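One structure is given here, and the rest of the page talks about it.
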Amino acid sequence: MSGRFVRSSKYRHVFGRSTRKDQCYDNLRVSRNAWDTNLLKVNPKHIAVNWEAGGGGAFAIIPLEERGKLPERIPLCRGHTAVVLDTDWNPFNDDLIASGSDDGKVLLWRVPENFTVRPEVDSEEIKDLAPVGKLSGHPKKIGHVLFNPAAENVLATASGDYTVKIWDIEAGKPKLTLNIGDIVQSQSWSANGSLMVTTSRDKKLRIWDVRQERPAHETNGHTGAKNSRAVWLGERDRIATTGFSKMSDRQLALWDIRAVREPINGFKTLDSISGVCMPFWDDGTNCLYLAGRGDGNIRYFELENDKFEFLSEHKSADPQRGVAFMPKRGVNMHENEVARAYKTVNDQYIEPVSFIVPRRSENFQDDIYLPTIGVTPAMSCSEWLGGKEAIPPKISMASLFDGEGIKEVSGVEEKPTGSMDSPEPTPAASPKPTEASKATELPKKTPEPASPKASEPARESTPVAARPPPSMKDQGASMASMVDKFADGEEEGNVSDDDDSSFEEVSKPVERPVRSAAAAESSSPRVSSPLRPKEVETKPQPTISSSNVPSPVTETPTPSTSVPLNDIEEIKNLIAEQTKTIAEQAQQMQTLTAEIEALKSKLK
């Protein structure tokens, strides 16, 4: 065998396909502000891009179908008195967007019906969009805005006043405040909207129980001086972070929210490029996409067994400053597209990049398009504030593929996984359930440390008693059956099971009978030892000691012995037969041992 094993994965051959320049969104003026955000946000209907505009801040909304070169003058979303730093689309309303600005204000915008960036009017008569709502409460700039993925009308805003405020946008008031203590560099919600992870300039990774307004866990994150990012891995109890080491190497880390003291398997070094890695998680394929800010590459990994397995990398000579990923319900399933990224190029145009699973079939691929989050919230803002936890209902991707519209899938869990609830402090809960849960955990945990301890003294205290029970014939039969299994070429899983369960147990007795067979030719008392397991299996060992069998043999020449001569002759004949049998079995064992060693060398 060559010794090389290829990991099985449906996404091992996923490739990124660029878009022709005439199908991109050209003639843009992307904001050149140095604040570290993604600059873009996208949903199945529109793209929002931070705009380089004078006289206050602005951003542009571009319908997805309006590709090509845009006019010199397009309608913008104007209303901020300073540069726009971040935007976010409402996950349950594709026409509602929130924007945060350097002026400390959050504005809400609604895209009108039949909105276009190419209105059939003179450029001087083009009207900009006006906000439909305003949220005031932060005294300093707002660098990040992010809607809750499960609750309706819940928005998180991170500000330069070192706080994150949670808003009820329908009421227009902040309901909760998280005191971070430093500039927030990134924030990400859990799938059920109850927890939030933040990274900040003080190099701390915090997991917040938002409604308790306090961190459930806090630990040291990436130690580098540059910004770090965090993303919640969908409905899992895992978080991925990107950042830098003290030597300015880019790093990737995976965290368990129940034990965030250290990342799982430590910090993984990616490369020495200076640009921030922007992470994006695809819950349908369990893939993490890392887009480098300032370079043109997008690499992607698959999460398997708490390890990021590298899949491939989309390389481009055109560097990107901003990247956004399309929600799953907006991908093109007819081309087996599992993800689509939108990247800015030279601050002048936006290029879509499709990540495609290469398959020839034109039918719906149900194994790569699992049900995904739809447009119906799991709860209202008041229910969320009251403590409700749920995941929004999922929709069928097959119905979108067939053009039947959005159809919710029945039977999907409305509550998050139990592991996601574990870090949340619940002091008000009744003591009985917690005691019962502890009682149920104890039987599971105690056998694990007890089993190795119990097995170790068994090996040390009774080494002799553990070996004799299998007789020569039983050992020969087990060895023969093993050789048959190797010879028959069964599956690798069966071979490994035999290797782990029986091969080591048989290999120890293999050497011992060879020695006993050699000793059998010189002395009869050792020859008789293989008879013990057959004659007495349930009797105590003193009755089968080696002195009992040879004693009549040594006493046969004595005329005063009380044993009849016929019995002595039978014992002699029995010993002679056993001697021949042992010699034959010893030869057979040597042959089997040689064959197994040969098979083992072939398997290696």
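Listing for the model above:
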{"item": "Given (1) at pLDDT 95 or above; (2) buried (at least 23 other Cβ atoms within 10 Å of the Cβ); (3) assigned to a loop (DSSP other than H, G, I, E, B), index of the condition Asn192 fails", "result": "(1)"}
{"item": "Listing of strands (runs of 3 or more DSSP E) fully contained in the stretch 25-123 that carry 1 or more residues being surrounded by 19 or more Cβ atoms within 10 Å (Cβ to Cβ), touching a Gly at 6+ places or on another chain (Cβ under 6 Å) and of a type in the set (A, V, I, L, M, F, W, C)", "result": "40-42, 84-89, 105-110"}
{"item": "Any hit, the stretch 71-80, residues being in contact (Cβ under 8 Å) with a residue 40 or more places away in the chain, touching a strand residue (DSSP E or B) at 6+ places or on another chain (Cβ under 8 Å) and outside the structural domain of Ala230 (by TED's automatic domain parsing)", "result": "no"}
{"item": "Contacts under 7 angstrom Cβ, first residue in the stretch 156-182 being closer than 16 Å to Lys105 by Cβ, partner surrounded by fewer than 17 Cβ atoms within 10 Å (Cβ to Cβ) and of a type in the set (Ser, Thr, Tyr), 6 or more apart", "result": "Thr163/Thr177; Lys165/Thr177"}
{"item": "Unmet criterion (only one of (1) crowded, with 21+ Cβ neighbours inside 10 Å; (2) without any contact (Cβ under 8 Å) to a residue 40 or more places away in the chain; (3) aliphatic (A, V, I, L, M)) for Leu270", "result": "(1)"}
{"item": "Residue within the stretch 326-339 that is of a type in the set (A, V, I, L, M), in a strand (DSSP E or B) and in contact with a Pro (Cβ under 8 Å, 6 or more places away or on another chain) present", "result": "no"}
{"item": "The one condition in (1) without any contact (Cβ under 8 Å) to a residue 60 or more places away in the chain; (2) not assigned by TED's automatic domain parsing to the domain that holds Leu85; (3) not in a loop (DSSP other than H, G, I, E, B) that Phe364 fails to fulfil", "result": "(3)"}
{"item": "Criterion (at pLDDT below 95 and among the small types (Gly, Ala, Ser)) met by exactly one of Ala48, Ala34, Ala60", "result": "Ala34"}
{"item": "Tally of residues being hydrophobic (A, V, I, L, M, F, W, C) and assigned to a loop (DSSP other than H, G, I, E, B) across the stretch 223-245", "result": "2"}
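The values are calculated or read from the model by the stated rules, or taken from the named source; none is laboratory data. Remember, it's a predicted structure, so these values are computed and weren't measured experimentally. All Cβ positions, even for glycine, are placed from backbone atoms using ideal geometry, and neighbour counts span all protein chains on display.
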